[in-house]
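Worksheet for the structure shown next.
The values are calculated or read from the model by the stated rules, or taken from the named source; none is laboratory data. Being a predicted model, the structure only gives us computed values, none of them experimental. When we count neighbours, we look across all protein chains shown, and the Cβ atoms used for this are built from the backbone with ideal geometry, even at glycine. Side chains included, ligands, DNA and RNA excluded: accessible areas come from the protein's heavy atoms. Shrake-Rupley method; radii C 1.70, N 1.55, O 1.52, S 1.80 Å.
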Amino acid sequence: MAVNLVTEYKEHAQSSTWCPGCGDFAVVAAMQKALAALELPPHQVVAVTGIGCSGKFNYYLGANGFNSLHGRSLPVAQAIKIANRDLTVIAAGGDGDGYGIGIGHFLHAVRRNVDITYVVMDNHIYGLTTGQTSPTSKKGFVTKTTPYGAAEYPIRPLELALAGGAGFVAQGFSGDPKQLAEIMKQAVQHKGFSLINVYSPCVTFNHEETYEWWRQNLVNLDQEQGYDATDRTAAFRYVYEHNGLLRGVIFREERRDYQSELPGYAAEALVRQDLSQPVKDRAELLAAFM
Amino acid sequence: MWLNASPPGAAVPPGAVSPKDAARGAASPGTTPVEPVTWMTEAVRGSAGGRGDRPRLSADSARRLARACWSELTNHDPNVFPVQAERRGVRFYLQEERGGQRLSALVWDGFQWRTVGSLRLPASD
Ligand SMILES: Cc1ncc(C[n+]2csc(CCOP(=O)(O)OP(=O)(O)O)c2C)c(N)n1
Ligand code: SF4
């Protein structure tokens, strides 16, 4: 079943324009595997992206897709989930898309806790626009836009998500697609907002943080004895102390998702409800504003 | 049988699929089936150090180098991404794609790795 579903995803996918070796290939492949393992066929899944190389994720995944505006994948993804809770909704994009122009949406999506998975292909650079400093580039990072080195400190997405109350925070690495697929499976199964920040090397423009560099510098939480992913304070401290250089599930907690907080929502997906019925209610509502 | 061969060379060699077309999955028109090591040998010979700051390799050395890279690519740990081999300023990637695999050759141009050609391989059984 799972193998056939992977084939089904691949058959629906478009041919890629990513550079050979781009980490994003591994992200798409891992997601196809994860969805197949969860027996979720392409027609039950929708991927929403912003703009960037990573913004092509939906074209290459082979499920339903929505390519939104730069930094705007999250509002669209949340709206889709709220309208049709029967769909599995994945938002995806880059560090520029999600932590730059889209950072406001990110923080609110974290606290709102709509049941979607957000995959950020974090390469610490703007790939599509040919290699400029991004919000996660390290201080001192030299690119065309920062020839004397980036002056700012980088955004720390994991700490932001933990501080914002996220119920599932994980980090993956394109160089280990097996672990990444396992993380994705857990994230999709998690009820509520789940963040997977993926270190996904840009082989064309980021020549400092290569696969080799990540391999040498990332601590694999699956091999850390005694790490407790249910302790938010400990998770925060661990991420901070390791300067975010971790991979694995960092934190998980069962929380009621946004939809569960809405009266009347549970009955049926909004798209299946007869919206012609509450005309009277709407008139009453309008009258209340008069 | 190997499909859609496009022998790479120093820049975009004659008959090669251009990087843009290669990325789009295009086949090089009118090319004959080529065996990967031969194709890779041409890539190594054609670039031999990327920016031309290294001497051109003899056919034999280039072939030895290509063979070593091919062996590295085909004996790669399946759980590690990407499948990559690199020698003398030439880099190869072997990647799954719909209906088969794609072998890409890239050359370091002093600023970035540029795709100089790609070879589509049939699906491994
Ligand atoms: C409103 C707007 N501002 C700027 C851009 C130009 N732009 C396109 S993609 C991008 C950043 C891409 O970087 P990232 O999100 O990290 O994705 P990557 O390409 O690295 O995957 C920018 C600034 C745009 N398309 N729209
Ligand atoms: S420019 Fe970088 S991020 Fe974009 S496809 Fe190429 S390797 Fe990937």
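Of the GluC sites (Glu not before Pro) found in region A:1-57, those that fall in a DSSP loop while having at most 16 other beta-carbon atoms within 10 Å are A:39. Computed about the Cα centre, the dipole magnitude for the protein assembly as shown is approximately 960 debye when only Lys and Arg (+1) and Asp and Glu (-1) carry charge, each at its Cβ.
Only helices reaching 30 angstrom along their own axis (Cα) with mean Kyte-Doolittle hydropathy no lower than -1.0 count here, and not one DSSP H run of chain A does.
Between residue A:253 and residue A:39, the C-beta separation translates, for a Förster distance of 25 Å, into a calculated FRET efficiency of about 0.45. Pick out, in residue order, every one of the trypsin sites (Lys or Arg not before Pro) in region A:208-260 that is DSSP loop and has at most 16 other C-beta atoms within 10 Å; say none if there are none. When the trypsin sites (Lys or Arg not before Pro) of region A:208-260 are filtered for loop state and at most 16 Cβ neighbours within 10 Å, A:255, A:256 remain. Exposed loop sites are taken as chymotrypsin sites (Phe, Trp or Tyr not before Pro) in a DSSP loop (any state but H, G, I, E or B) with at most 16 other beta carbon atoms within 10 Å; the longest stretch of chain A without one runs A:1-147. Cα convex hull, the protein assembly as shown: 171 Å³ per residue, rounded to a whole number.
Taking only protein heavy atoms and a 1.4 Å probe, the accessible area of chain A is 56% carbon and sulfur. Looking at the protein assembly as shown alone, DSSP beta bridges between its own residues are antiparallel in about 50 percent of cases. For chain A, modelled as a GNM with alpha-carbon contacts under 10 angstrom, which of A:151, A:267, A:235 fluctuates the most? Taking springs between Cα atoms under 10 Å, the residue moving most is A:267.
Restricting to bridges with both residues inside region A:40-191, how much of the DSSP beta-bridge set is antiparallel, in percent to the nearest 5? Just about 10 percent of them are antiparallel. Largest mean-square fluctuation among A:207, A:108, A:124, in a Gaussian network model of chain A whose springs join Cα atoms under 10 Å apart, belongs to A:207. Note on residue A:178: aspartates and glutamates with a C-alpha under 13 Å away, same-chain residues under 8 apart excluded, are A:222, B:77. Over chain A, Cα pairs under 8 Å with separation of 6+ residues give a relative contact order of 18 percent.
Rounded to 0.05, the FRET efficiency of the residue A:245 and residue B:97 pair, given R0 = 41 Å and the Cβ-Cβ distance, is 0.85. Beyond 18 Å, how much of the Cα-Cα pair distribution for region A:59-214 remains, as a whole percent? For region A:59-214, the fraction of Cα-Cα distances above 18 Å is 58 percent.
When chains B and A come together, the accessible area they lose, probed at 1.4 Å and totalled over both chains, is close to 1600 Å².
For the set A:139/A:185; A:10/A:81; A:56/A:138; A:10/A:139; A:10/A:144, the pairs lying more than 29 angstrom apart at their alpha carbons are A:139/A:185; A:10/A:139; A:10/A:144.
Modelled this way, with points 7 Å down the Cα-to-C-beta line, the labels at residue A:148 and residue A:289 are 5.2 nm from one another.
Please find the FRET efficiency linking residue A:274 to residue A:4, where r is the Cβ-Cβ separation and R0 is fixed at 51 Å, and quote it to the nearest 0.05.
With a Förster radius of 51 Å, E is 0.90.
A full extension of the chain between residue A:84 and residue A:230 corresponds to an added length of 49.6 nm, given 0.36 nm per residue minus the alpha carbon distance. Distance between Cα centroids, region A:214-290 to region A:88-133: provide it in whole Å. The distance from the Cα centre of region A:214-290 to that of region A:88-133 comes to 15 Å. The residues of region A:4-41 listed by number as losing at least 30 Å² of accessible area in the complex, against the isolated chain and with a 1.4 Å probe, are A:10, A:15, A:17, A:20, A:21, A:25. With a 10 Å cut-off between alpha carbons and a GNM built on chain A, which of A:50, A:23, A:140 moves the most? Top of the fluctuation ranking is A:140.
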